[in-house]
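Worksheet for the structure shown next.
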Amino acid sequence: MTSPGPVAFTIFGIDIMWYGILIGTGFVLAIIICFKRAPRHGIESDHILDFALWLIPFAIIGARAYYVIFSWDTYKNDPLSVFDIRGGGLAIHGGIIAGIIVAIFVCRHYKINFLELADLVFPAVALAQSIGRWGNFFNSEAHGGPTDLPWAILVNGQYVHPTFLYESIWCFALFWFLLWVDKRRQFPGQIACLYGMLYSIERFGVEHLRTDSLMIGPFRQAQVLSAAAFIICLAIYIYLNKKQLSKGANKQ
């Protein structure tokens, strides 16, 4: 399998990139899903639209800033290239961090339970990731090292691991799993914590295969952050679960 190239089509002399189309599609589907499921979490659907208006620009800024910070050597000689995101260069961890910050302010403004909003949003985030990862395929980026596996992709004349595909499949399955668990949810925050743990497991493993990892000294930053996120989400999960069990015991 070989990428057909990053350009989807050209209109009025402007190249429309697959990367932007796929990320935009992911955002739109995520918003639609959250809008329809909001009442299930006690949230007014209109508040999701307000949240999205703030989330989209700040998530993109956060994702770009995160990528640039850990790839500064690439941009230091041409600072204006920081603003050129058409060719790629967004880090999902930065987008999630920015999204959480926006969510905190939105929850305070509209008096929304933060854990309810998180449980509502994160399944849709997994779906958006699953779709957006294909932008890496069209850009021939975020791939792994050489392999002779039958599903390898051809990049620069060499067959390599399609790590974007591994993550896309995982996130798509994670989306459906989180929706399934949400119907059986035991406590607010459970879905968000499961997302944090399960995505971190996948990202930690897949990152080991990638050839373009952002680094923190000798360590791959995505693996460091994934390990930290897993531990934090596991601790929060245990705390919230015990809190819920304590409430149930007090009622009896």
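If the condition is being within 15 Å of LEU209 (Cα to Cα), open to solvent by less than 30 Å² (accessible area, probe 1.4 Å) and under 23 Å from the mean Cα position of the chain (by Cα), then segment 137-152 contributes ALA142, GLY144, GLY145.
Tell me whether segment 120-129 contains one or more residues that are farther than 16 Å from LEU22 by Cβ, more than 12 Å from the chain's Cα centre (by Cα), modelled with pLDDT under 90 and not charged (D, E, K, R). Working first, answer last.
Applying the first criterion (farther than 16 Å from LEU22 by Cβ) to segment 120-129 yields 120-123.
Still in the list and also more than 12 Å from the chain's Cα centre (by Cα): 120.
Next, from what is left, pick out any that are modelled with pLDDT under 90: none.
Taking every residue of segment 120-129 in turn, none turns out to be farther than 16 Å from LEU22 by Cβ, more than 12 Å from the chain's Cα centre (by Cα), modelled with pLDDT under 90 and not charged (D, E, K, R).
Entry remark, segment 103-130: residues being open to solvent by 30 Å² or more (accessible area, probe 1.4 Å), farther than 17 Å from LEU240 by Cβ and part of a loop (DSSP other than H, G, I, E, B) number 1 in total.
Residue check: is GLU141 charged (D, E, K, R) and outside any helix (DSSP H, G or I)? Can you show your working first?
On the way: charged (D, E, K, R): yes; outside any helix (DSSP H, G or I): yes.
For GLU141, the condition - charged (D, E, K, R) and outside any helix (DSSP H, G or I) - is met.
Across segment 217-250, the qualifying residues are those that are charged (D, E, K, R) and open to solvent by 100 Å² or more (accessible area, probe 1.4 Å), and the one among them that is nearest to ILE191 (Cα to Cα) is LYS242.
Test of understanding: among GLY205, GLY196, which residue is touching a Cys at 6+ places or on another chain (Cβ under 6 Å) and either closer than 26 Å to ILE238 by Cα or surrounded by fewer than 18 Cβ atoms within 10 Å (Cβ to Cβ) (or both)? Break it down into steps so the answer makes sense when it comes.
Values: GLY205 fails: touching a Cys at 6+ places or on another chain (Cβ under 6 Å).
Testing whether each residue is touching a Cys at 6+ places or on another chain (Cβ under 6 Å) and either closer than 26 Å to ILE238 by Cα or surrounded by fewer than 18 Cβ atoms within 10 Å (Cβ to Cβ) (or both) leaves just GLY196.
In this structure, does PHE187 turn out to be of a type outside the set (Asp, Glu), farther than 30 Å from TRP134 by Cβ and surrounded by 14 or more Cβ atoms within 10 Å (Cβ to Cβ)? Yes; evaluated as a whole, the condition is true for this residue. On the stretch given as segment 30-60, residues that are among the β-branched types (Val, Ile, Thr), farther than 17 Å from PHE105 by Cβ and either touching a residue at least 60 places away in the same chain (Cβ under 8 Å) or not in a helix (DSSP H, G or I) (or both) total 2. When we screen LEU55, LEU49, LEU29, LEU22 for residues that are touching a helix residue (DSSP H, G or I) at 6+ places or on another chain (Cβ under 9 Å), under 26 Å from ALA229 (Cβ atoms) and open to solvent by 40 Å² or more (accessible area, probe 1.4 Å), the only hit is LEU29. Applying the condition of being of a type in the set (A, V, I, L, M, F, W, C) and modelled with pLDDT under 95 to segment 225-252 and asking which residue is farthest from ILE97 (Cα to Cα) yields ALA249.
The values are calculated or read from the model by the stated rules, or taken from the named source; none is laboratory data. Source: prediction; values computed, not measured. Cβ coordinates were reconstructed from backbone atoms using ideal geometry, including for glycine residues, and neighbour counts include every protein chain displayed. Calculation scope for accessible area: heavy atoms of the full protein, side chains included, ligands and nucleic acids excluded. Shrake-Rupley method; radii C 1.70, N 1.55, O 1.52, S 1.80 Å.
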